[in-house]
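Read-outs: derived from the displayed coordinates by stated rules, not from any lab. Note that the structure is a prediction, hence the values are computed from the model and not measured. Here the Cβ positions follow ideal geometry from the backbone for every residue, glycine too, while neighbour counts run over all protein chains shown.
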2 protein chains.
Amino acid sequence: MSGTAFPRLDSKVLADDGDVLRFCSTCAFSQACLSEGMDKSALMDLHVLVEHVGPLHAGEHVFREGDPFEAIAAVRAGTVKTYVVDRDGHEQVLGFHLPGEVIGLNAIDGDRYPCNAVALDTVMLCRFSFPKISVLAARLPGLQQHLFRLMSRDIGRASLLAGDYSADQRMAAFLIGLSQRLAARGFSPDRFQLTMARTDIANYLRLAPETVSRVLKRFQDDGLLQVDRRELELLDRKQLEALAASVLRH
Amino acid sequence: MSGTAFPRLDSKVLADDGDVLRFCSTCAFSQACLSEGMDKSALMDLHVLVEHVGPLHAGEHVFREGDPFEAIAAVRAGTVKTYVVDRDGHEQVLGFHLPGEVIGLNAIDGDRYPCNAVALDTVMLCRFSFPKISVLAARLPGLQQHLFRLMSRDIGRASLLAGDYSADQRMAAFLIGLSQRLAARGFSPDRFQLTMARTDIANYLRLAPETVSRVLKRFQDDGLLQVDRRELELLDRKQLEALAASVLRH
DNA sequence: CGGGGCATTGATCGGGTTCAACCTGCGTGG
DNA sequence: CCACGCAGGTTGAACCCGATCAATGCCCCG
């Protein structure tokens, strides 16, 4: 459980190309590239450099801070938490990564990962060697464009939570954001699981765990949502969106 | 003063190639590309698509939120502030951009600029058409790599201030960061001008302007620095760095 | 049944905001 | 040349949101 999963390559899923393609047809990264103007043969080039990693189980690390940077990865299933730990041992959660989202982009500047990435539940990944995908991106404008966009999006996303918002605004933005991202991947936007612990949410939103509890409770009392342990249902999306608006900048 | 400077092209500086090169030899963007493994002829390709913009004067905008995105720009001289304004009119400062730094990277995902960029003093820019530089990046691995690194760096930088740090830590990190970036561009790391207003610093650090005043005063009383209006001298770098350490993650 | 980790709830505390007044340098016009 | 105005900056006092500390509750798993 303290080992790192990235170096390991689950080679049997690479047994034959047909298998790879079948697997990868569900990989959102490839699909997004397609929509960015890549043709079928280009997609083949992309697929041959994919390594399928997983399943990883809750608590297993994808990579750790300081590991040599070689690859980015697209989440295919599950949730990955990225975080850093400061010298006094406090954990700072950088983000939660759902299926279809890419991790490791913040490592490109530098030869080592600047943060940890850990599976919160059972996680499947597509791993892309960064040197190789760089070379490929030079040949495939659609891929280059896609990478540029992904990184640009992360820059914007990172500044979102930097604002000085109230606990209510932060929590609403977190829930609405989660809902939207899940919806984009075909999951229900109104009923979903919080795959992360309260303390993780708190660390991510820069709040105390107690505050997370209280805000969720108040939201429930006010009829905005229904929460039971990690099961969540959004009841008044309008009002939550209104709260989240200034954070998400609609 | 309410117009946008980006569309305008100061064509006379493009009169002949020699002139462009002379101008651009001071452009940090090109220099960084060189160090990223680009050869001389590749640099020429880069230079022919540069447009030199400026001088812009304090208060003039480089671009505004919602403007169609066409180009990124490297600051050659002066300071550029990027910011957004939320619906209730509160300004949120995203960053200050010194000579050698690139603005507009967060616009790549989307066809419009997601923020405003304004000159804080007299500013000179190198403007790079993004479609053109993308095409060029596909031919020049060094350039592609450089763009990837720039964006990756911004992702990391953006999450820096997202942590919940004390006012002292934020201010120290701001000053040390500024000092380091100025030093990297050949300016004095110990004596420099705060080109931005106190309220800008406050908005950037998510503090009240009053807090910025008080912290600066206390730092001065404690002998950490000397500040007079916008003139600043760092006196005890060690201690400031110690304060800033957890923010800057050394 | 017992234990341990996570979550909730209550009481208190404190850093930073807010509100308000005042200061200070500088440009402007009489 | 000085009075005025004004924007940016500073200082002081009260307040408030969220943190912290402490205790209790609740599941899940052994």
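Label-to-label distances for A:P209 across copies, nearest first, come out at 4.1 nm, using points 7 Å from Cα in the beta-carbon direction. Pull out a ≥ b ≥ c, the square roots of the eigenvalues of the alpha-carbon gyration tensor of the protein assembly as shown, then state rounded if a/c is under 1.5, prolate if not and a/b is larger than b/c, and oblate in the remaining case. Judged from the Cα gyration tensor, the protein assembly as shown comes out oblate (a/c at least 1.5, b/c at or above a/b).
Spin-label model, B:S213 to A:D164: label points 7 Å out along the Cα-to-beta-carbon direction sit 1.4 nm apart. Short-range pairs are left out: with C-alpha atoms under 8 Å and at least six residues apart, the relative contact order of segment B:167-248 is 42 percent.
Take each residue in A:104-110, count the other chain C-beta atoms within 10 Å of its C-beta, and the mean is 6.
Taking R0 as 51 Å, what's the FRET efficiency between A:D121 and B:D228 from their Cβ-Cβ distance, rounded to 0.05? With R0 = 51 Å, the Cβ-Cβ based efficiency is 0.35.
Separation of segment A:48-64 from segment A:174-245 is 27 Å, based on Cα centroids. For the residues of A:158-169, the average number of beta carbons from a partner chain within 10 Å of their own beta carbon is 5. Only Lys, Arg, Asp and Glu carry charge here, each on its Cβ (+1 for the first two, -1 for the last two); on that basis the protein assembly as shown has a dipole of about 60 debye about its Cα centre.
Extending 7 Å from the Cα toward the beta-carbon at both B:D190 and B:R64 defines two label points whose distance is 4.5 nm. For segment A:151-230, what class follows from the C-alpha gyration tensor (a ≥ b ≥ c being the square roots of its eigenvalues): rounded when a/c is under 1.5, otherwise prolate if a/b is larger than b/c, else oblate? Note, shape of segment A:151-230 comes out oblate. Annotation for B:D168, label-to-label distances across the other copies: 3.3 nm (shortest first, one decimal, point 7 Å from Cα along Cα→Cβ).
For B:K40, no lysines have a Cα falling under 18 Å of its own Cα, not counting residues fewer than eight places away in the same chain. Largest GNM mean-square fluctuation among A:E210, A:E65, A:E101, using chain A with Cα springs under 10 Å: A:E210. The charge dipole of segment A:167-248, taken about its Cα centre with unit charges on the Cβ atoms of Lys, Arg (+1), Asp and Glu (-1) only, comes to about 220 debye. Summarising the strand pairing of chain A, around 95 percent of its internal DSSP beta bridges are antiparallel.
Think of each Lys and Arg Cβ as +1 and each Asp and Glu Cβ as -1; about the Cα centre, that makes the dipole of segment A:69-168 roughly 580 debye.
Label zone (B:H57, point 7 Å along Cα-to-C-beta; backbone nitrogen cut-off 11 Å) within segment B:110-128: B:122.
Relative to the longest principal axis of the Cα atoms of chain A, the long axis of helix A:209-221 lies at roughly 70 degrees.
In chain A, the calculated helix contribution to ellipticity at 222 nm averages -13000 deg cm²/dmol per residue, counting -39,500 (n - 2.57) for every DSSP H run with n ≥ 4.
With its label point put 7 Å out from Cα toward Cβ, A:R64 sits 5.2 nm from the same residue's point in the other copies, in order from shortest.
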